[in-house]
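The values are calculated or read from the model by the stated rules, or taken from the named source; none is laboratory data. Since the structure is predicted, the reported quantities are computational estimates derived from the model, not experimental observations. Because the Cβ atoms are built from the backbone with ideal geometry, glycine has one as well, and the counts that use them run over all protein chains shown.
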Amino acid sequence: MRFLLDDEQREFARSLDAMLTATDVPAVVRSWGAGDFTAGRALWSRLADAGVFALAVPEAYEGVGPLPVELAVAYVELGRHAVPGPVVETAAVAGLLAATGDSAHAKQLLPGIASGSVMATVKAPGGPYALDAEAADLTITFADGGLHTCTGHGPTHRSADPARRLTEPGAPAELLTQDRAAFAATDAWGTLAAAAQALGVGRALLDRTVAYVKQRKQFGTEIGTFQTVKHQLADTLVKLEFATPLLYGAALTMTRADLAAAKLTASEAAYHASRTALQLHGAIGYTEELDLSLWIRKAQALRTAWGTPSACRKRVLA
């Protein structure tokens, strides 16, 4: 089976890339990390206008989905440009609400998610935090065997990625559902979106590192011509290329094992790309002032988000 994107999907990716390239996303990320969400919300609205958040929302609720392959295409671009905010969690919440059937909550909330007026996040079971709950309009938590909305939020804590603000959710309020299928849908859409975002982060790290080694010189020679450097970059490229068909294959099937395999390979490839980028950039790779650090730290955080490597391996083996 060949997992190749069609012309329309590739054009969608190009249009998102062009829009985000024209935006100073690193400045948006730094503002977001400092607690100023103004620029981030403006970018969120532009992404919504491009149809990104409507991809997980069924047409019956003013979306264009569910279109998991197109969502993966979009989230690769979000990762490539290090877009901040609970983009993965919003896709997961959309999948959750769509799985509740023709419920009052779905009718009330899904159109807002599709239009970008509702930024959503969710606290996964076993974890203490909801990503960016202080910026979100809707926070959902697992409690007492069901999924509930939250009232308010607690303190925010720093993450390895400054654009991932870890917030303690408020108290559980209204019950949304106790349906296990909705739990599974939340996990499936969140895992897919996180895998796609990680793949995009890895691609950006490789592109930036390749550009850097072509200009950095040692003993009067570009370090990109050194055999060891070539091997490191080639290994990174192979890992990213291997993860790509697994991602789109998982988007086609949306099965638990395929999604776990995609998340494992994409996040590990991105993490490998971050280590390679850090090493080949030398001492400047450790500085927060360098934009590269935004992708390096995101790769580290995404490695354990929505399934640690060990948890994903267990899912695949099961």
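Looking at segment 209-241, which of its residues are within 31 Å of the chain's Cα centre (by Cα), of a type in the set (A, V, I, L, M, F, W, C) and surrounded by 13 or more Cβ atoms within 10 Å (Cβ to Cβ)? Those that are within 31 Å of the chain's Cα centre (by Cα), of a type in the set (A, V, I, L, M, F, W, C) and surrounded by 13 or more Cβ atoms within 10 Å (Cβ to Cβ): V210, V213, V229, L233, L237, L240. Surrounded by fewer than 16 Cβ atoms within 10 Å (Cβ to Cβ) and over 19 Å from the mean Cα position of the chain (by Cα) - does that describe any residue in segment 42-56? No, because not a single residue in segment 42-56 is surrounded by fewer than 16 Cβ atoms within 10 Å (Cβ to Cβ) and over 19 Å from the mean Cα position of the chain (by Cα).
Every residue, every condition in (1) without any contact (Cβ under 8 Å) to a residue 60 or more places away in the chain; (2) part of a helix (DSSP H, G or I), yes or no:
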| residue | (1), (2) |
| --- | --- |
| Q215 | yes, no |
| F242 | yes, yes |
| G249 | no, yes |
| A260 | no, yes |
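All conditions in (1) aliphatic (A, V, I, L, M); (2) crowded, with 24+ Cβ neighbours inside 10 Å; (3) closer than 22 Å to V73 by Cβ hold for A277, with the sole exception of (3). Close Cβ contacts (under 8 Å, 6 or more residues apart or on different chains) running from residues in segment 221-232 that are closer than 13 Å to A277 by Cβ to residues that are among the β-branched types (V, I, T) and modelled with pLDDT under 75 comprise V229/I223. Note on segment 27-41: residues that are crowded, with 18+ Cβ neighbours inside 10 Å and within 15 Å of W295 (Cα to Cα) total 5. Looking across segment 221-274 at every residue that is at pLDDT 95 or above and basic (K, R), the one that is nearest to L96 (Cα to Cα) is identified as R256. Once segment 268-309 is narrowed to residues that are within 18 Å of I223 (Cβ to Cβ) and part of a loop (DSSP other than H, G, I, E, B), the residue that is nearest to the chain's Cα centre (by Cα) is L290. Of the strands (runs of 3 or more DSSP E) entirely within segment 100-176, none holds at least 3 residues that are in contact with a Lys or Arg (Cβ under 9 Å, 6 or more places away or on another chain) and surrounded by fewer than 18 Cβ atoms within 10 Å (Cβ to Cβ). Within segment 267-288, one or more residues are polar (S, T, N, Q) and under 28 Å from E89 (Cβ atoms).
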